[in-house]
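Worksheet for the structure shown next.
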Amino acid sequence: MLASGILGDTPWPGTSSLYWTELTLIAPAEAGMFSWSVEFAAADLALPHQGSSSRFSIAIVDPPEHRLTIKVIAQETRLTG
């Protein structure tokens, strides 16, 4: 398990019953494709609900090895901008 949370008391803006929470995850330290899953366990709720789950993928890439800088110079005035 990478994170867990509890649904908030306020529905998602513009909805009347879509409750949500925000989780912070730590990205893998190595580059590659990763497949994770999220699960909603519908236990101990005031109204009966079914649980749910979903899978998602994330691509972690290495940081760039080089930086490209472009300098624009006006030909007429030789001013940089």
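Here are the numbers for this structure:
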read-out	value
Theoretical gain in end-to-end length, Asp62 to Leu25 [0.36 nm per residue, Cα-Cα removed]	11.5 nm
Paired Rg and Dmax values of the chain, which use every Cα atom, in angstrom	23.1, 73
Accessible surface, per residue, of the chain when the full set of protein chains is kept, probe 1.4 Å, Å²	98
Whole-Hz ³J(HN,Hα) from phi, Karplus 6.51 cos²θ - 1.76 cosθ + 1.60, for segment 16-29, glycine and proline x	9, 8, 9, 8, 8, 8, 10, 10, 10, 10, 8, 5, x, 6
Estimated vicinal HN-Hα couplings, Hz - segment 39-48 in sequence order (Karplus 6.51, -1.76, 1.60; Gly, Pro = x)	9, 10, 8, 8, 9, 6, 9, 5, 9, x
Stretchable slack from Ser37 to Ser17, in nm (0.36 nm times residue separation minus alpha-carbon distance)	4.9 nm
Candidates Ser37, Ser53, Ser17, ranked by Gaussian network fluctuation over the chain, Cα under 10 Å, top entry	Ser17
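The values are calculated or read from the model by the stated rules, or taken from the named source; none is laboratory data. Computed from a predicted model, the values in this text were never measured in an experiment. The area values use the complete protein model at the heavy-atom level, side chains included, leaving out ligands, DNA and RNA. Shrake-Rupley method; radii C 1.70, N 1.55, O 1.52, S 1.80 Å.
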